[in-house]
Amino acid sequence: MLDKLYQGHRQVEVCAERLARLLDAAEPDTAALTQARWEIGTRIMQHLGLEDRHLYGNLAASSDPAVAAIGRKYQALYAAYLAEYAEHAKRWSAAAVKAQWTAYRRETREQLRLLAERIALVERELYPLIDRVVDISVAAAPSRSWARDAFAIKASVAPEGS
């Protein structure tokens with residue numbers, strides 16, 4: 001499972017790199033941006049759901065109060081991150097991206113910077129706890145429904161016909 005979590009991060013990073021390259025253009029490539037935004041939003045949502053069930057949930061269920069507090073902290077932190085990302089996606093419709101390309105690029109680059117920072121944080125602070133403090137082979141109950149944010153992202157950035 002730990003390998004799957006690392007692999008999920010690498011997949012998100014590939015999507016982030018693809019989106020970042022599109023931000024370098026003088027004008028938006030609407031079709032390519034729509035696809036890239038869809039892919040990264042999907043990967044982020046899927047990965048956070050997996051981490052919630054296998055890592056944060058198991059940490060939060062620990063009988064050690066300090067470990068449980070870490071789990072609850074990260075459940076809240078990453079739920080807030082996904083909600084923030086969903087708000088970013090909703091705010092930036094294809095029309096808004098085209099009309100305000102410079103502002104969209106600036107805000108999206110900041111989202112990508114935060115994403116990279118958060119991936120590094122989890123790998124540095126939480127993944128080392130796996131096997132030493134918590135068994136992630138069994139899924140815990142999810143801390144929340146991820147569907148609301150997933151549908152918000154989908155409604156904003158889904159490619160035509162999805």
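Remarks
- Degrees separating the helix 101-125 axis from the principal Cα axis of the chain, which is the longest one: 20 degrees
- Estimated [θ] at 222 nm from DSSP helical runs (n ≥ 4, -39500 (n - 2.57)) normalised by residues in the chain, nearest 500: -24000 deg cm²/dmol
- Charge sum, other residues only, whose C-beta stays under 13 Å from Leu121's C-beta, Lys/Arg counted +1 and Asp/Glu -1: 0
- Under-5 Å amide H pairs with Ala61, H placed in peptide plane, nonlocal only: none
- Straight-line cross-link partners of Lys98 among the aspartates and glutamates, defined as a Cα under 13 Å from its Cα and at least 8 positions apart when in the same chain: Glu27, Asp29.
- Rounded to the nearest whole Hz, the Karplus-based 3J(HN,Hα) values (6.51 cos²θ - 1.76 cosθ + 1.60, θ = phi - 60°) of region 21-35 follow the sequence 4, 5, 6, 7, 6, 5, 10, x, 8, 4, 5, 5, 5, 4, 5, with x at glycine and proline.
- Positive minus negative residues near Gly8 (Lys, Arg vs Asp, Glu; Cβ under 9 Å): +2
- Carbon plus sulfur fraction of accessible area for region 16-71, probe 1.4 Å, in percent: 54 percent
- Hull volume in cubic angstrom per residue (convex hull over the Cα atoms of region 24-138): 97 Å³
- Taken per residue, the accessible surface of the chain reaches 51 Å², heavy atoms only and a 1.4 Å probe.
- Only lysines eight or more places from Lys4 in sequence, or on another chain, were considered; none has a Cα closer than 20 Å.
- Projecting the Cα atoms of Leu112, Thr42, Ala155 onto the charge dipole of the chain (Cβ charges, centred on the Cα centre) puts Ala155 farthest toward the positive pole.
- Largest mean-square fluctuation among Ser63, Ser93, Ser137, in a Gaussian network model of the chain whose springs join Cα atoms under 10 Å apart, belongs to Ser63.
- Sorting Met45, Met1 by accessible area puts them as Met1, Met45; the probe is 1.4 Å, largest comes first, and only protein heavy atoms count.
The values are calculated or read from the model by the stated rules, or taken from the named source; none is laboratory data. Fair warning: this is a prediction, and the values are worked out from it, not measured in the lab. Because the Cβ atoms are built from the backbone with ideal geometry, glycine has one as well, and the counts that use them run over all protein chains shown. Just so you know, the surface numbers come from the protein's heavy atoms only, side chains and all, with ligands and any DNA or RNA stripped out. Shrake-Rupley method; radii C 1.70, N 1.55, O 1.52, S 1.80 Å.
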